[in-house]
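Accompanying notes for the structure given below.
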Amino acid sequence: MMKKIVLCILFLALVLSLCSTPSIAAPAWPTKTITWIVPFSAGGNADNISRIIAPYFSKELGVAINIVNQPGAAGEIGTMAIAEADPDGYTIGVINAPDIQISCIVNDAYDLDFFKDLNYLATYTATPISFYAPQKSEWNTLEKFVKYHKEHPGGLLFGEGGIGHRVLMATVMDYFGIQISSVNFNSVADVVAAALGGHIDAAGAGNQVISQFVSGGWAPIAWGGTEKCKDFPDAPLFADMGLFTDFLNVMTVLLTPKDVPAYVNERLIEVANKVSRIPEVRTQLEAINCVYYFTSGADMDKKMKDYYSQIQTISEKYKSAIVLNN
Amino acid sequence: MTLELLQRVFVLDVLALATLGTLLGIIFAAIPGLNAAIAMTLFLPVTYGMRPELALSFLGGVYMGGMYGGSITAILINVPGCVEATCTAYDGYPMTLQGRSREALYYSIFASTFGGFFGILALVLFTPPLASVALKFGPPEMMLLGMCGLTIIGCLSGNNVWKAVFMAALGLFLATVGTDMSSSVRRFTFGNRALTAGLSPLVVALGIFCFAEMFRDIGMRKAATFEYKDTPIKPSTVIYDILVTKTYLFCKSSLLGLFIGILPGIGGGTAVFTAYGEAKRSSKHPETFGAGNPEGIIAAESANNAVVGGALIPMLAIGIPGSPGVAIMGAALTTHGIICGPDLFTKRPDVAYIFMYAMFLTIVGMALMGIFGIKWFSYILKIDMYYLIPIVTAFAIFGAYSINNMVSDVLVAAISGTVAIVLMKLEFPVSPLIVGFVLSNLIEQNLRRTIQMAGIKQMNFISYLLQRPLSLILVVALIGLITLFTFMNPNTKKKLQD
């Protein structure tokens, strides 16, 4: 009798334990350290943003996140490492838009298929690009800058720090029907140095370096984004002129390889949304002069693809200005 | 204000972190393939929890220690821990072979200490004016400066200047491999993705100096291929020699290091090559360079540590990093919500000044560790070769991998090492290759910018250069240096005498 009771209890326990587990449950993820690839050097903007965000993800997911910098070829090496990683959810990473779209469009040798190789999950930043000029120059407003270029096509040394800046330059050329001649530098820091040394006449650079420009007697002549520059309210917004440059805002986008299981992407989006509601995240990102802008999931994916089409249109028209041949 | 700040410098946490950073910097740089920038990247996340001045003092220590540490293995086993220690090996290792390793290590630590002090003193006293001088160097001037640096191959050429020119040209060429960022064109990548990122000068230098040295040593039993002697020397003798007998050499090398450090994006390697070349050019006995002349160590080590103060100047004054290591320090500050540049001195002067004063602590720490460590460093020479080769090679493999987290870099280093051995057998000097490699991007990118700028201003290239006063001075300097190095070459001298 006793044996039967014990057996019944054991059977009941087994049934209960089975009932408590859903029959078609998502596998437990994550259970081990996640590698977060940053395709740029340590100390860069994408790296800084990743190092701010990743600890919050780590806390929410309950596993360690290991940030690995894989710089080279303007992010291509690291981006391909993410795209070609095992799609098990343990290798994720970030890339910078719009650089990734531009590279895929203008660089025929880029192995990445923008639409097929990656899932675009979320971003926390969208930092606009602006135009700057010396305050004492003849072209110290956008109006004068355009007028000067109409009179002297391509006559100013326009410093820019990358392909995204050249697309903005091409967008402005297209809108005003002018020709701008660019001098290409490796980074925004180099553009600022050239500006402060008086080696260039005007520049395209992110909103985040305004204080460095101002210290050398420069000021914005056209401001990216949706809010006017607090210190220079006279600088018009590109948007006010009907020139929408949102697609060129620099976004550091969280991604996974294309074939990652749906539950991994869903969980990451869920965590991204949760992290976006933590006030410190915004404070920390704004402290490094990023413009806070959160979007995730389907919206993020749609934005990336819409921006691709816009960049493609302008890039095809102004390829020679964007892809320098000398 | 100053007294209050000094009180905040001499507190336990600043002292401890600055010292710890310096120690880690020395250790990392002494390991072949690792360097200060790698150590700083690795420890960057650790600094997020620290107060900003502590984070900077810690990373500043790593940077300062890293500039010295590479010289230890350069002197003892002819394996420079990093590119900046390359020239130290030229004279340091011959001194070790002569049983003067202790003397060489004293020269290295004292030259590093005084050079570091020189740089940080300039940082504290002259940041704004020096930063504005650096800004005067635009693309044409940077290009010409790179070309002036290239003339140093005249000093490193040995007996056959054409072989040196060939090697420098090879270095210039190898650095062009990879994706050209302006045109998106892939140069000499042969469809290999790993090559699209280009070849890193760190990886190639690691191959040439570390892998090659280890490959050559295979089969030897002891680290030193000579009877190990440790000739005693008083530290005060070395200090007197650097500061009193060779004041001019020390000041000139430190000044070169400081100045080249200030110019953004040039880095310590160029500073060291230039200072070493200049020391040899101005020496009464240039033939003793490369054969154990302490002046070579003084020039190289005082220059590379003076770079630290120099590279920090544009970062603190205008937010433009002078080197990759300093860029990481800038990143550490941004995560604390502090942007380097003019805002730093107006919004958080405490952070800026505590950091600058704490850099003096890192120098003191480095000096103490260097002086008291000499006794222990020499033990490396007593290790059996069959232990040393695998250990150094393992570190070198790890170092090559850690630069970009790419296995292909290890392969590049190993191939560079093998090719270097063949080239050395054929009596091709390998140092000009590194000089060409390090300067290639600087020259090429600024040449292209200058061509763009001249075109936009509708001038021809030469007229554009000559109408810029600073460029004109550099053109004259370049012609002067080429002439000097041509006449310094033993073969040319001989021909002239005949």
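The values are calculated or read from the model by the stated rules, or taken from the named source; none is laboratory data. Predicted, not measured: the structure shown is a model, and the values here were computed from it. Methodologically, a virtual Cβ is constructed for each residue, glycine included, from the backbone with ideal geometry; neighbour enumeration extends over all protein chains shown.
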### Query
Regarding A:ASN140, is this residue closer than 30 Å to A:PHE232 by Cβ and within 10 Å of chain B (Cβ to nearest Cβ)?
no
### Query
Restricting attention to the stretch B:13-29, does a residue exist that is in a helix (DSSP H, G or I), modelled with pLDDT under 90 and aromatic (Phe, Trp, Tyr)?
yes
### Query
Do we find that B:GLY191 is within 12 Å of chain A (Cβ to nearest Cβ) and over 22 Å from the mean Cα position of the chain (by Cα) in this structure?
yes
### Query
Looking at the stretch B:168-188, which of its residues are of a type in the set (Val, Ile, Thr) and within 12 Å of chain A (Cβ to nearest Cβ)?
B:VAL177, B:THR179, B:VAL185
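Which of the residues spanning the stretch A:53-71 are farther than 22 Å from B:ALA39 by Cβ and not small (Gly, Ala, Ser)?
Once the filter is applied, which keeps residues that are farther than 22 Å from B:ALA39 by Cβ and not small (Gly, Ala, Ser), the stretch A:53-71 yields A:ILE53, A:TYR56, A:PHE57, A:LYS59, A:GLU60, A:LEU61, A:VAL63.
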### Task
Filter the stretch A:59-80 for residues that are free of Cβ contacts under 8 Å to residues at least 24 places away in the same chain and at negative phi and give the result.
A:LYS59
#### Entry: Identity of the residue in the stretch B:455-469, at the interface with chain A (Cβ under 10 Å from one of its Cβ atoms) and not charged (D, E, K, R), that ends up farthest from the chain's Cα centre (by Cα)
B:GLN458
### Query
Residues B:VAL308, B:VAL326: which one is away from chain A (no Cβ under 11 Å), closer than 25 Å to B:LEU42 by Cα and either surrounded by 23 or more Cβ atoms within 10 Å (Cβ to Cβ) or among the aromatic types (Phe, Trp, Tyr) (or both)?
B:VAL308
#### Entry: Matching residues, the stretch A:201-253, being of a type outside the set (S, T, N, Q), more than 30 Å from A:PRO39 (Cα to Cα) and in a helix (DSSP H, G or I)
A:VAL214, A:ALA239, A:ASP240, A:MET241
#### Entry: Filtered residues of the stretch B:33-84 (kept if small (Gly, Ala, Ser) and assigned to a loop (DSSP other than H, G, I, E, B))
B:GLY33, B:GLY49, B:GLY81
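One line per residue, one yes/no per condition, for (1) within 12 Å of chain B (Cβ to nearest Cβ); (2) closer than 18 Å to A:VAL38 by Cα; (3) among the charged types (D, E, K, R); (4) not in a loop (DSSP other than H, G, I, E, B):
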{"residue": "A:ILE102", "(1), (2), (3), (4)": "yes, no, no, yes"}
{"residue": "A:LEU121", "(1), (2), (3), (4)": "no, yes, no, yes"}
{"residue": "A:TYR132", "(1), (2), (3), (4)": "no, no, no, yes"}
{"residue": "A:TYR148", "(1), (2), (3), (4)": "no, no, no, yes"}
{"residue": "A:ILE178", "(1), (2), (3), (4)": "no, no, no, no"}
{"residue": "A:ALA195", "(1), (2), (3), (4)": "yes, no, no, yes"}
{"residue": "A:HIS199", "(1), (2), (3), (4)": "yes, no, no, no"}
### Query
In the stretch A:254-296, what residues are assigned to a helix (DSSP H, G or I), away from chain B (no Cβ under 14 Å) and among the basic types (Lys, Arg)?
A:ARG267, A:LYS274
### Task
Please name all residue pairs, on different chains or six or more residues apart, with Cβ atoms under 7 Å, provided the first residue is in the stretch A:304-326 and is within 11 Å of chain B (Cβ to nearest Cβ) and the second residue is surrounded by fewer than 18 Cβ atoms within 10 Å (Cβ to Cβ) and outside any helix (DSSP H, G or I).
A:VAL323/B:SER183; A:LEU324/B:SER183; A:ASN325/B:SER183
